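Notes follow the structure.
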Amino acid sequence: MATYGNGRRVAVVAGVRTPFARAGTALRNLSAIELGKLCVAELIQRTGLDGTEVDALVFGTVVPSVLAPNIAREVSLLPVLPKGVQAVTVSRACASANQAITDAADQIALGHASVVIAGGAESLSNVPILHSRGFADALVAASRAKRLGGRAKALSRIRPKDLVPITPAIAEPSTGETMGQSAEKMAKINHISREEQDQLALRSHRLASAGTKDGRLTAEIAPAYVPPKYETVLTSDNGIRDDTSLDQLSALKPVFDRRYGSVTAGNASPLTDGGAAVLLMSDERARALGYTPLGFIRSYAYAALDPGEQLLQAPVLAAPVALKRAGLSLRDIDLIEMHEAFAAQVLSNLRGFESREWAARAGFSEPVGDVDRARLNVMGGSIAIGHPFGATGARITTTLLNELGRRGGQFGLMTVCAAGGMGFAMVVERQ
Amino acid sequence: MTATAIRAPAASALTTEVRDGIAVVTLDVPGAPVNTFARSVREEFAVLLDRLERDDAIRGVVIRSGKPDVWVAGADIEEFLEIETASQAEAMSRDGHSLLGRLEKLTTPVVAAIHGACLGGGLEAALACAYRIASDAPKTVFALPEVQLGLIPGAGGTQRLPRLVGLQAALDMILTGKNVRARKALQIGLVHELVHPAILDDIAIARARALADGTLRRDGTRRSHGAKEILLDDNRVGRAVVLRQARECVVARTRGQYPAPIAALDVVATGYAQGMERGLRAEARLFGELAVSEVSRQLVFLFFAVSALKKDPGVPQLAPPPLPVRKLVILGAGFMGAGIASIAAPQGTLVRLKDADHARVGKGLAAVREVLNDRLAKKQLTRLELEDYMSLVGGTIDYSGFANVDLVIEAVFEDLAVKQRVLRETEQVTRSNTIFASNTSTIPIATIAEASSRPERVIGMHFFSPVPKMPLLEVIVAPKTSAEVTTTVVAYGKALGKTVIVVNDSPGFYANRILAPYINEAGLLLDEGVAIDAVDRALVDFGFPVGPITLLDEVGLDIAGKSGAIMVEAFGSRLAPSQSLQRVVAAGRTGRKGKKGFYRYDDKGKKGGVDLSVYELLPTGAQRTEVPAEEIQRRCVLAMVNEAVRCLQENILRSPRDGDVGAVFGIGFPPFRGGPFRYVDTLGAERVVRALEGLNTDRSPRFAPAQLLIEKARENRRFYPERGHPLGG
């Protein structure tokens, strides 16, 4: 029996996302806020929802805009929504959208809200560039100076080296390792071969391409008519390569370890722009408003481990907890979505699911089990579709429930790894 | 501010409360939505002035309004209708001068605390005050709109305004009647100060006190004194240049058909040349003349007609309350569809714009944004508002998001089969009470509705192009259309800012139907060998903004051809198109959109001169005939007017009022003539019938006078009363 919700079941009524575009391409001129607004506006249009029904909006983003850090509030100020909508911005690295969804679900379970929009967006084409410390200090001193002379003096302190901007790198502050380096490490520790990773990447592209062609994957995409000229219309994820081959993938050079490495640009998820949102309601409100939900949240769990150990392995610790809270085992799960940050990470997670040691660390006597590959990422994953950090969690939720519906399945499991050594798992059910 | 006031007997408009020697006067006309200077208000004002002239205990005065968004909206227009002679009007103006003269000469300083609309006589009163302080709010606007009613300001505005804000700024306001917002008012020196609305009263009182104490000087202008002002406003030579240029501009724009702006220039010039006293007398005299002028009568009629239409729910009796329109679907993202979206989104309507493929939807969205960008450039909205409005318009190529739609407006290709198909498809995905409105310009609504499973929800909403600019909306009611659908669509049209007339279903409805014989006649003149530009020039001289041949090029020759065919089928040979049009269409010319029509067009679509090669296609070839302009006007205009009367006779039109407003706002019938039915009244029905019979020949019965005209002529009756309220109400 489902334990989550204290008797108030949380329904996932619908999900809509923008097409995901490689950073620097079709969506590069849109900020994360604009991407968020696009998918939320279309979510409301498609579901025929009256904007005044929405109680709250929770949004996640990983790289916030310095000028407008409160993405959730800005998105909630869409004119179709009432100004009284509660809004909160959350962050749990690549699981930010999941955090948004579980926070929203918690509010519904507590009875604080009945209709909440949750999701996330990311624009990696628009990453803030930081000034060096020396330059920043000089600018602040200049703005405080009361006279022209003072200003000139402050600015004269700038040295050439101060003019070099700081580009944010995706490195763990506590370890100094970039995510790619961590994935590389995990590949070695878990004996994941180069070929296995390339096979997974190939699979991701092939299945995503099939899902795009037959319309299953694109059903949840709101075509992006890109402002301000609207000449570019993006209707599907533009990173999917339906013509890639094992030969092409194996020709790529490893990026994070030139000598012994196996992680390449081809078997890792690309930097991507996009937004995704889901509409959550209490079961009661969904029925009152005449909606048939896509499904319900049965359970979820977060986990964490030392980022210096195996940065992206935490889903292995979260999954058994979520399954236990759901009162289910892996055998009961009809469809599984695992976020593909790196092929090496997915394969490491799968090994971890089968391992007694990892089960024990999570406090279980039996391992999660052997994942049936035929039920895993059946329309590809983040490697092909793309990974806007703050949006992926919402995309995976929507994709999982939609496909579960098409196959007549009942239970679905999703896992997401996140920087900082964190992980997430959620079990959904259709009825 | 609660007034612990000395209230005069009930039903008084002015309430005065004295606080520490400062008299705070609140103007709040009982039972009226806005403040106007009606007779009773002026009388109370005179009594107040008596008191202020004598009472030493009052050291300063603040005049404020008790109405939420209006300070004073001007004169009482109903009172204006009582005027029968020029001298009556002149006397009224001189009374106003005297009253405001007393106000201006008071030793006690008067501060105007202005929040909301300050128009016409209201602005003139404010100009007579020692100090003007206004709220920095969107509703606070200033204007002298008299010229739009064929008048000039009659209470000293032509004299006080230029002396305060300079000649150029004053002429800009007086000659156009445009609204000036609070910030601009401060910039040009019209007001001394802008403050937040919440502290308006307090600061006004403080200023009154300071003026009384002498710590604030009563001074003249604060306006910008840039080089332009010094050169042109502050000296006689500069002013002469400005006045001359303004005169040329006005004459070119109005083609001598509107006397009011010229009179305004004369009166302003007199004031500078001979002093304010003479200027005021000239103002009163010309105000008097204009008040009883034909042009003013017609413009005042149009004002009343539009006001009456605003209150008309669109259904003759027992109007059911209109349903809300919160979500709108527009089928067809072309020029019309995008235009409708661009006025619907700023109203807060959630819009779904559908078309056949993504490229078309993208173009539609770009067109919507272009309209909003224009408004941004004119500072009519902010960038944030623009982004908000765009977020309300969602594009789609399928029927997703149709489940909660209140109104569907169909603006697809002008083809019955296509329209019926989208009607059927849409009915399957919308609610049972969703309204389906067609923007067709030629196909009868009842015909489209034959494909409907709920014809009572089908109606016509005929917008005019370009939608953001053209004020008219024809709502077309078919026999089965329900009253609730009519009132809903009429109310929504008004919410979109349109002037709405309701007409009954018939080919061409009203506006396009009366356009047909007018354009045909122009074509027939071409058939006879009249020069293209001669025809157009004659009708522009008559008062149309563009001539019929230019209009043909604008509308599209192919569209005009198709529409002509429908008219002939419906109404017979009376509306048979000319040879000229048929041949030009057959030759493949489409007009401005194809850059090849009767006129030449450059790459940007700008119109050049007549395309002389067209004459080779026309019946008389290179041979030209000269027909007097007056005859060209008579033939084209009477053809239109006759058809308009037929529309009333056949009950397509519900009233002459609707016909006049429809013609003026939909197809450019000269406003200074009031409209086709006003025109008949001006000429006299008998004279019109005789003229038509004169034009009518056995060869073509197209000028046979409408039966209703013959009756009016015989009984010597008019469409409108000769005196009193122009609508006869």
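How well do other chains shield peptide A:222-234, expressed as the mean number of their Cβ atoms within 10 Å of each residue Cβ?
6
Given the protein chains as shown and a 1.4 Å probe, how many square angstrom of B:Glu616 are accessible, to the nearest 10?
Surface open to solvent at B:Glu616 totals about 150 Å².
Show me, bin by bin at 20 Å from 0, the whole-percent P(r) of the protein assembly as shown based on Cα pairs.
Going from the shortest bin to the longest, the percentages are 10, 30, 31, 22, 7, 0.
Can you give the mean number of other chain Cβ atoms that lie within 10 Å of the Cβ atoms in peptide B:354-361?
Taking all residues of B:354-361 together, the mean is 2.
Taking just the C-alpha trace of region A:138-279, give me its Rg and Dmax in Å.
23.2, 68
Highest first, please rank the peptides B:474-481, B:102-109, B:206-213 by the mean number of other Cβ atoms sitting within 10 Å of their residues.
B:474-481, B:206-213, B:102-109
Starting at the first residue of region B:64-69, write each ³J(HN,Hα) from the Karplus equation 6.51 cos²θ - 1.76 cosθ + 1.60 with θ = phi - 60°, in whole Hz, x for Gly and Pro.
10, 10, x, 8, x, 10
Which percent of the accessible area of chain A is formed by carbon and sulfur heavy atoms (probe 1.4 angstrom)?
53
Could you go through region A:329-346 in sequence order and give the Karplus-derived ³J(HN,Hα) for each residue, using 6.51 cos²θ - 1.76 cosθ + 1.60 with θ = phi - 60°, rounded to whole Hz, and x for Gly and Pro?
Couplings: 10, 4, 4, 6, 7, 8, 9, 10, 10, 10, 4, 9, 5, 9, 4, 4, 5, 4 Hz.
Which value in Å is the Kirkwood Rh of region B:504-619 over different Cα pairs?
When all Cα pairs of region B:504-619 are included, the Kirkwood radius is 14.2 Å.
What percent of all Cα-Cα pairs in region B:103-236 falls in each 5 Å bin, counting up from 0?
Cα pair-distance distribution for region B:103-236, in percent: 2, 11, 20, 23, 20, 15, 7, 2, 0.
Can I get the semi-axes of region A:211-360's equivalent ellipsoid? Compute them from the C-alpha gyration tensor as square roots of 5 times the eigenvalues, in angstrom, largest first.
Over the Cα atoms of region A:211-360, the semi-axes work out to 31, 29, 14 Å.
With 28 Å as the limit, write out which pairs from B:Lys139/B:Lys606; A:Lys229/B:Lys378; B:Lys354/B:Lys494; B:Lys310/B:Lys593; A:Lys185/A:Lys253 have Cα-Cα distances beyond it, or answer none.
B:Lys139/B:Lys606; B:Lys310/B:Lys593
Find, among the chymotrypsin sites (Phe, Trp or Tyr not before Pro) in region B:280-371, those assigned to loop by DSSP (not H, G, I, E, B) with at most 15 other beta-carbon atoms within 10 angstrom.
For chymotrypsin sites (Phe, Trp or Tyr not before Pro) across region B:280-371 that sit outside H, G, I, E and B with at most 15 neighbouring Cβ atoms in 10 Å, the list is empty.
Can you run the Rg to Rh ratio on region A:346-393? Use alpha carbon positions and the Kirkwood inverse-distance Rh.
Rg/Rh for region A:346-393 comes to 1.09.
Post the alpha-carbon centroid distance, region A:301-343 to region A:4-69, in whole angstrom.
24
Using the Cα centre of region B:360-479 as the reference point, and only Cβ charges (+1 on K/R, -1 on D/E), how large is the resulting charge dipole? Debye, rounded to the nearest 20.
280
Where a ≥ b ≥ c are the square roots of the eigenvalues of the C-alpha gyration tensor, would you call region B:499-552 rounded, which needs a/c under 1.5, or, failing that, prolate if a/b is larger than b/c, or oblate?
In terms of gyration-tensor shape, oblate.
Under a Cβ-only charge scheme (Lys and Arg +1, Asp and Glu -1), can you give me the dipole magnitude of region B:158-231 about the Cα centre, in debye to the nearest 20?
220
Across peptide A:41-50, how many C-beta atoms of other chains are within 10 Å of each residue C-beta, on average?
Per-residue shielding by partner chains comes out at 6.
Sorting check: for B:519-527, B:185-193, A:301-309, B:247-255, which peptide has the highest mean count of neighbouring beta carbons within 10 Å, and how do the rest follow?
B:519-527, B:185-193, A:301-309, B:247-255
Rounded to the nearest 100 Å², what's the accessible area chains A and B bury against each other, both chains counted, probe 1.4 Å?
Approximately 1600 Å², summed over both chains.
Plugging the Kirkwood radius over Cα pairs into Stokes-Einstein for region B:615-725, at a temperature of 10 °C and a viscosity of 1.306 mPa s, what D comes out in µm²/s?
Here the translational diffusion coefficient equals 105 µm²/s.
Could you do me a favour and compute the accessible area per residue for the protein assembly as shown, 1.4 Å probe, result in Å²?
About 42 Å² of surface per residue is accessible.
Sorted by mean Cβ packing within 10 Å, highest first, what order do the peptides B:44-52, A:71-79, B:441-449 take?
In decreasing order of mean packing, B:44-52, A:71-79, B:441-449 become A:71-79, B:441-449, B:44-52.
Could you give the Stokes-Einstein D for chain B in µm² per second, using the C-alpha Kirkwood radius, 4 °C, 1.567 mPa s?
46
About the Cα centre of region B:252-400, what is the dipole size in debye to 20, counting +1 per Lys and Arg Cβ and -1 per Asp and Glu Cβ, all else neutral?
Taking the Cα centre of region B:252-400 as origin, the dipole is about 40 debye.
What is the antiparallel percent of DSSP beta bridges lying wholly in the protein assembly as shown, to the nearest 5?
Percentage antiparallel, nearest 5: 45.
Counting each pair of different Cα atoms once, what's the Kirkwood radius of region A:287-372 in Å, rounded to one decimal?
Here the Kirkwood hydrodynamic radius works out to 14.1 Å.
Name the shape class, rounded, prolate or oblate, that the alpha-carbon gyration tensor gives for chain A, where a ≥ b ≥ c are the square roots of its eigenvalues, rounded holds for a/c under 1.5, and otherwise prolate holds if a/b is larger than b/c and oblate otherwise.
Verdict is oblate for chain A.
For region B:589-655 and region A:84-119, what is the separation of their Cα centres, given in Å?
With region B:589-655 and region A:84-119 each reduced to a Cα centre, they are spaced 64 Å.
Please report the orientation-averaged projected area of region A:25-117, defined via the convex hull of its C-alpha atoms, in nm².
Computing the convex hull of the Cα atoms and averaging its projections yields 6.4 nm².
If Rh is defined by the Kirkwood formula over all Cα pairs and Rg also comes from Cα, what ratio Rg/Rh do you get for region B:341-475?
0.97
Just to confirm my numbers, what's the Cα centroid distance between region B:355-417 and region B:201-271 in Å?
43
The values are calculated or read from the model by the stated rules, or taken from the named source; none is laboratory data. Nothing here was measured: the structure is a model prediction, and the numbers come from that model. Cβ atoms come from the backbone with ideal geometry, glycine included; neighbour counts cover every protein chain shown. For accessibility, only protein heavy atoms count, side chains too; no ligands or nucleic acids. Shrake-Rupley method; radii C 1.70, N 1.55, O 1.52, S 1.80 Å.
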